[in-house]
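Peer 1: Just dropping this structure here.
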Amino acid sequence: MDGTLIVVPEASERSFDTALREEMEYLLASETFRKSPKLSQLLAYLVGATLRGEGEALKSYTVAVEGLGRDPDFDAQADSYPRVQVMRLRNFLGSFYARYEPRNEMCIYILPGSYRVRLAKFSIAYPDIVVRDARRRLAPSFQNADGSAAVAPRSVSPTYPEDNVIPVAGEASIAAPSTSAETSGSGRGLWLLLLAVLVGIAATAVLLYVTMWKPELAGRARDEAPTLLVAEVEAPSDSQSIDLAMEIRHAMIDGFSRSWAFNTLEVHGDHHEEAVMGSYTVSAALSQNRNNSRTLQILVTDEAEELTIWSRNFPIDETKDVRDQLALALSKMAGPLGVIGRREFEKAEGRKLDDYSCLLGAFRTLSGKTFPQSDEVRQCISEPLKQRRLEAVRLSVQALATITSSSPTERGQALIKGENLAQQAIETDPSEAMGYYAMALLKYVQQQCEVGNSYAARTLQLNGYGQGILMGLASYIEDCGYTDAERFIERAFATMEPGDSTLRLSVVILALRHDRKDILVSIGAAPSGAAGETDPAVQLSEALIAAYFNDIPASKRHWAAYVALRKMRGATPDELLQGTINSINTRKLVIELLQDRGVIA
């Protein structure tokens, strides 16, 4: 679709020019765009040029001078400013439409490499953006010229990809039985009023019980993920800083919403919308340094305890993609192994695990972490969960477990079982990344690169920030010639944090593949104590690091410990490694390194 033809159900005779102008006015009247004057100015200019028929002919110099107010001596060859601003506008529009409906079904969008403005339905204009459970509405503060509300806000059901539509039980319209005029009159109204009063009394009683006698239940059901509130980013008052701050906030909201580990909400100013007990708040401040560089400070607060649990500063380069620069921050906060997931699991220690904390524990197990409730996790992960997204994650975890828990002789049947579980996860929630991730790994293990790449692409589209996902896919997508492999491998290095056992081994192997001595130097010591001594992944990691740095005695010692832990007398090195490393090419790399250093024959 090239944007020149549209069909709007309410007024199919309306022209492209009229529809484009009305959608632009709708955007510019919204509170979101009013807070971003520079991007509003750029949008108005590009729309105007498109309406004049000049969209295809626009060049960077023209956009910079006429649309962004740069001086006539602006050098478009040396300065990427207009391209960066259009990229920001493109991302800004995508973030806007992920939260708000267009006025008349058609979204404004700009194709990469173009300055021409187009119109299309959301699924066509922004195919990479998946709207999760947050409900989209018409943008707030949209008014007619006389100041009256143009249209009342309306709730919209979550939008899933068109090729994976799953009807939600209970949403189909049910015809009510016909009634006479007498039964629909005042008598029915009195009954409804009485029913409302009774419901109100019951709800009040429940609320008092929960908040006064059962305070540990207040806020959210323990079977659900906690709520993450994203505050507005503080920034200097100049328009460029304000635009960058809004872009950062939208990128954070987008990134957080991709994680199943919490439910993401927005916060406007000092007002916490739908704030609940036991939730967390992410707040950030953008500052400009003396050398004109920028720093973003991010804080995570546990609202229930009124305690800042994490704080970090990150450099921000406004000429680069904000999402890539926030990858490290998002990986530290988001996901089951992030700061919030770790804290929630710590709160669950010493009590029976609920659905949510059971999943947190399962990911700790997958990463090689041992803890007192490991046996309880293995039991609860086998039981279906009530919440759809969490159930999809549970099925994905079970699918991943089939790869590592089976012996070589059982591998064929285990892979079939794993694929069935992964497919169930995808069907349970098509917009959750974990099902696609599990399926991608299962296909890669069987050397089905083309199919594996397609599932990897969907995984990274839905969640390109999860540390475990990035590390898990990194070696495979490189071996299989994935189109954007280099970008995601660099993001994996950027989010690198050794973690425990399995995740640490993934970092070591990825660093070896790319000869990243800096990573291997900074990776830190292995877990100490009995846990490290009895963990095959720890011993293999240490054997590889020692071999890389030519510490042959240490490498042989750790390799011998690894072989003893595998308990496979007479097995070849490849057979020994199969229980720890799934990729055939990665096993070859490991064997070649150990043979080259004389660690194994």
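The values are calculated or read from the model by the stated rules, or taken from the named source; none is laboratory data. Keep in mind the model is a prediction, meaning the values are calculated, not measured. Every residue, glycine among them, receives a Cβ derived from its backbone with ideal geometry; neighbour counts consider all protein chains shown. Note: accessible area is taken over every heavy atom of the protein model, side chains too, but ligands, DNA and RNA are not part of it. Shrake-Rupley method; radii C 1.70, N 1.55, O 1.52, S 1.80 Å.
Peer 1: From the residues in the stretch 52-65 that are in contact (Cβ under 8 Å) with a residue 12 or more places away in the chain and outside any helix (DSSP H, G or I), which one is surrounded by the fewest Cβ atoms within 10 Å (Cβ to Cβ)?
Peer 2: So, considering only residues that are in contact (Cβ under 8 Å) with a residue 12 or more places away in the chain and outside any helix (DSSP H, G or I), the one surrounded by the fewest Cβ atoms within 10 Å (Cβ to Cβ) is Lys59.
Peer 1: What are the residues in the stretch 66-95 that are within 23 Å of the chain's Cα centre (by Cα), open to solvent by less than 30 Å² (accessible area, probe 1.4 Å) and modelled with pLDDT of 85 or more, if any?
Peer 2: Selection gives Leu89, Leu93.
Peer 1: Being within 27 Å of Ala245 (Cβ to Cβ) and touching a residue at least 24 places away in the same chain (Cβ under 8 Å) narrows it down to one residue among Lys332, Lys320; which is it?
Peer 2: Just one listed residue meets the conditions, Lys332.
Peer 1: Are there any pairs, at least 6 apart or on different chains, whose C-beta atoms fall under 6 Å, with the first in the stretch 113-126 and modelled with pLDDT of 85 or more and the second open to solvent by 40 Å² or more (accessible area, probe 1.4 Å), and if so, which?
Peer 2: Here the result reads Arg116/Glu56; Ala120/Met1; Ile124/Met1, each pair linking the stretch 113-126 to a residue that is open to solvent by 40 Å² or more (accessible area, probe 1.4 Å).
Peer 1: Could you list, in sequence order, all residues of the stretch 96-119 that are in a loop (DSSP other than H, G, I, E, B) and either open to solvent by less than 10 Å² (accessible area, probe 1.4 Å) or farther than 23 Å from Gly67 by Cβ (or both)?
Peer 2: Within the stretch 96-119, Pro102, Arg103, Asn104, Glu105 meet the criteria.
Peer 1: For the subset of the stretch 376-406 comprising residues that are surrounded by 22 or more Cβ atoms within 10 Å (Cβ to Cβ) and among the polar types (S, T, N, Q), which member is nearest to the chain's Cα centre (by Cα)?
Peer 2: Filtering first and then ranking leaves Ser396.
Peer 1: Here is a follow-up. Within the stretch 34-51, track down each residue that is of a type outside the set (D, E, K, R) and open to solvent by 10 Å² or more (accessible area, probe 1.4 Å).
Peer 2: Scanning the stretch 34-51 gives Pro37, Ser40, Gln41, Ala44, Tyr45, Gly48, Thr50, Leu51.
Peer 1: Can you give me the ranges of the strands (runs of 3 or more DSSP E) entirely in the stretch 258-364 with at least 2 residues that are over 26 Å from Gly464 (Cβ atoms) and either open to solvent by 40 Å² or more (accessible area, probe 1.4 Å) or at pLDDT 90 or above (or both)?
Peer 2: The qualifying strands (runs of 3 or more DSSP E) are 280-288, 307-316.
Peer 1: Given the criteria under 22 Å from Leu337 (Cβ atoms) and either in a helix (DSSP H, G or I) or out of contact with any helix residue (DSSP H, G or I) (no Cβ under 7 Å at 6 or more places or on another chain) (or both), does Val508 qualify?
Peer 2: Answer is yes for this residue.
Peer 1: So which residues in the stretch 428-452 are over 19 Å from the mean Cα position of the chain (by Cα) and under 25 Å from Arg389 (Cβ atoms), if there are any at all?
Peer 2: Result: Leu442, Lys443, Tyr444, Val451, Gly452.
Peer 1: Determine the pairs where a residue that is without any contact (Cβ under 8 Å) to a residue 60 or more places away in the chain, located within the stretch 415-435, has a partner that is open to solvent by less than 40 Å² (accessible area, probe 1.4 Å) and not in a helix (DSSP H, G or I) with Cβ atoms under 6 Å apart, the partner being 6 or more residues away or on another chain.
Peer 2: none
Peer 1: Quick one: in the stretch 365-389, of everything that is touching a Leu at 6+ places or on another chain (Cβ under 6 Å) and at pLDDT 80 or above, which residue is farthest from Glu427 (Cα to Cα)?
Peer 2: By that ranking, first place goes to Glu376.
Peer 1: Do we have Leu544 as buried (at least 17 other Cβ atoms within 10 Å of the Cβ), more than 26 Å from Asp321 (Cα to Cα) and either modelled with pLDDT of 80 or more or out of contact with any helix residue (DSSP H, G or I) (no Cβ under 8 Å at 6 or more places or on another chain) (or both) here?
Peer 2: It is true that Leu544 is buried (at least 17 other Cβ atoms within 10 Å of the Cβ), more than 26 Å from Asp321 (Cα to Cα) and either modelled with pLDDT of 80 or more or out of contact with any helix residue (DSSP H, G or I) (no Cβ under 8 Å at 6 or more places or on another chain) (or both).
Peer 1: Count, please, the residues in the stretch 225-249 that happen to be in contact with a Leu (Cβ under 8 Å, 6 or more places away or on another chain), within 30 Å of Ala304 (Cβ to Cβ) and part of a loop (DSSP other than H, G, I, E, B).
Peer 2: Residues flagged as in contact with a Leu (Cβ under 8 Å, 6 or more places away or on another chain), within 30 Å of Ala304 (Cβ to Cβ) and part of a loop (DSSP other than H, G, I, E, B) within the stretch 225-249 amount to 3.
Peer 1: Is it the case that some residue within the stretch 300-312 is within 19 Å of the chain's Cα centre (by Cα) and among the polar types (S, T, N, Q)?
Peer 2: Within the stretch 300-312, not a single residue is within 19 Å of the chain's Cα centre (by Cα) and among the polar types (S, T, N, Q).
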